[in-house]
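**Student:** A single structure is presented below for examination.
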Amino acid sequence: MLSLLLVIAMALACVLAGCGAEGEGVGASEGGDLTETSTKEDAREEAERQDEGTEQTLDWLSYSLVVDELREIEDSDTFQLDDPPSGTRYVVVRLLSAEGEIRSEDVTEQAASIHLRASSGDDFGPYVQVMWGVAFDPETGFSTKDVQEGFYLLFTVPKDITLQELRVDVQ
């Protein structure tokens, strides 16, 4: 009876320690020793997890901008755009000022210096810029706040370039 309890206790300890099981980067070698295994895929997945947690920041003019969002345009977006040219799609970048303020004049005059660069070296200039804080008065027309907290840039990018291949770049 005591030997049966000892076998059960050892088996339970082995299960809890992961002996003989593959997973989480640990596997049994031919000699029965536990060795840590690492594959290229594991390393790639770890790098992607680390990238997801880091924000890209840019020095642009006298501002420090945070890339708050880099994604494809979705049907639910309120951007009113024609269909993109054949073989391409729209990608939107949301940029925020780290200091909280950007002069609207700087956005309208200098946003063209911000590009998307693919890992292949391909470069894409902004298709259109969008600011918030726009108002309409029937007597005076459209107006924009003098200071923005951020803005959007929309880009036209080939469908075969993934979002993971793109970085925002200042030229």
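**Student:** For the stretch 62-159, what % of the accessible area comes from carbon and sulfur atoms, probe 1.4 Å?
**Tutor:** The C+S portion of the solvent-accessible surface of the stretch 62-159 is 45 percent.
**Student:** At q = 0.14, 0.17 Å⁻¹, what log₁₀ I(q)/I(0) does a Debye calculation on the Cα points of the stretch 72-153 give, no solvent, two decimals?
**Tutor:** Listed by q, the Debye log ratios stand at -0.59, -0.83.
**Student:** Could you pull out which residues in the stretch 105-136 have an amide N less than 13 Å from a spot 7 Å beyond the Cα of S86, following the Cα-Cβ vector?
**Tutor:** None, by backbone N distance to the label point.
**Student:** How would V157, V128 rank on accessible area, largest to smallest, probe 1.4 Å?
**Tutor:** On the way: V157 0, V128 55 Å².
Highest to lowest solvent-accessible surface, that is V128, V157.
**Student:** Something else about it: Loop only per DSSP, at most 12 neighbouring Cβ atoms within 10 Å: give me the GluC sites (Glu not before Pro) in the stretch 110-171, ordered by residue number. Don't skip to the answer; put the middle values down first.
**Tutor:** On the way: sites: E139, E149, E165; in loops: E139, E149.
Passing both the DSSP loop test and the Cβ count: E139.
**Student:** Then there's this: How much length would be gained if the chain were fully extended between A98 and E72, taking 0.36 nm per residue of separation minus their Cα-Cα distance, in nm to one decimal?
**Tutor:** Between A98 and E72, full extension yields an extra 7.0 nm.
**Student:** Size of the stretch 113-171 along its principal axes in angstrom, Cα-based, largest extent first?
**Tutor:** Projected onto the principal axes, the Cα atoms of the stretch 113-171 cover 49, 21, 16 Å.
**Student:** Using 1/(1 + (r/R0)^6) with R0 = 25 angstrom and r between the beta carbons of L61 and W132, what's the FRET efficiency to the nearest 0.05?
**Tutor:** According to the calculation, E is roughly 0.85.
The values are calculated or read from the model by the stated rules, or taken from the named source; none is laboratory data. As the structure is a computational prediction, the values presented were derived from the model and not from experiment. Glycine gets a Cβ as well: all are built from the backbone with ideal geometry, and neighbour counts include every protein chain shown. We work out accessible area using only protein heavy atoms, side chains counted, and drop any ligands, DNA or RNA first. Shrake-Rupley method; radii C 1.70, N 1.55, O 1.52, S 1.80 Å.
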